[in-house]
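Visitor: First the structure, which I've put down as structure tokens, then a few questions once you've had a look.
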Amino acid sequence: MTEGVVYVGQKPVMNYVLATLTQFNEGAERVVLKARGKAISRAVDVAEIVRNRFLPNVEVESIKIDTEELESEQGRKVNVSTIEIVLAKKSE
């Protein structure tokens, strides 16, 4: 079972949509969208655009949310939310 990963960050949404479509076109059966902090809403947008506009045979298999503890430049510990959205081709 092939799986691709797309890390969602600060770039425009369509960059990540294209990366996700490329993964599926190269034979991936699942693609995991990973994002944290302010990029979480962008990851949700990517998943919805892929499902609704480009690949109607793809569904959200699972969504995992978590919190990571990072260290800021000042040395303080900062909690950052993370999300993993697993998109998978529907089995006909």
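The values are calculated or read from the model by the stated rules, or taken from the named source; none is laboratory data. Keep in mind that what you see is a predicted model, and the values were worked out from it rather than measured. All Cβ positions, even for glycine, are placed from backbone atoms using ideal geometry, and neighbour counts span all protein chains on display.
Visitor: Of the residues in the range 6-28, how many are surrounded by 14 or more Cβ atoms within 10 Å (Cβ to Cβ) and touching a strand residue (DSSP E or B) at 6+ places or on another chain (Cβ under 7 Å)?
Guide: 8
Visitor: Sticking with this one: Please state which of the following conditions Glu73 fails to meet, knowing it meets all the rest: (1) in contact (Cβ under 8 Å) with a residue 60 or more places away in the chain; (2) more than 11 Å from the chain's Cα centre (by Cα).
Guide: (1)
Visitor: Further, regarding this structure: Please count how many residues of the range 49-59 are exposed (fewer than 14 other Cβ atoms within 10 Å of the Cβ) and of a type in the set (A, V, I, L, M, F, W, C).
Guide: 1
Visitor: Among the listed residues Glu68, Glu29, identify the single one that is touching a residue at least 24 places away in the same chain (Cβ under 8 Å), among the acidic types (Asp, Glu), within 13 Å of Leu87 (Cβ to Cβ) and touching a Ser or Thr at 6+ places or on another chain (Cβ under 8 Å). Lay out the reasoning, then the answer.
Guide: Working: Glu68 fails: within 13 Å of Leu87 (Cβ to Cβ).
It is Glu29.
Visitor: If you go through the range 76-86 one residue at a time, do you hit one that is closer than 15 Å to Val6 by Cα, modelled with pLDDT of 95 or more and of a type in the set (Ser, Thr, Tyr)?
Guide: Here is the first cut: in the range 76-86, the ones closer than 15 Å to Val6 by Cα are 82-86.
Keeping just the survivors that are modelled with pLDDT of 95 or more gives 82-86.
Those still in the list that are of a type in the set (Ser, Thr, Tyr) too: 82.
Yes, some residue in the range 76-86 is closer than 15 Å to Val6 by Cα, modelled with pLDDT of 95 or more and of a type in the set (Ser, Thr, Tyr).
Visitor: A further question follows. For the range 5-17, check the following and say yes or no: at least one residue is among the hydrophobic types (A, V, I, L, M, F, W, C) and over 13 Å from the mean Cα position of the chain (by Cα).
Guide: Keep residues of the range 5-17 that are among the hydrophobic types (A, V, I, L, M, F, W, C), which gives 5-6, 8, 13-14, 17.
Next cut, over 13 Å from the mean Cα position of the chain (by Cα) only: none.
No - not one qualifying residue is present in the range 5-17.
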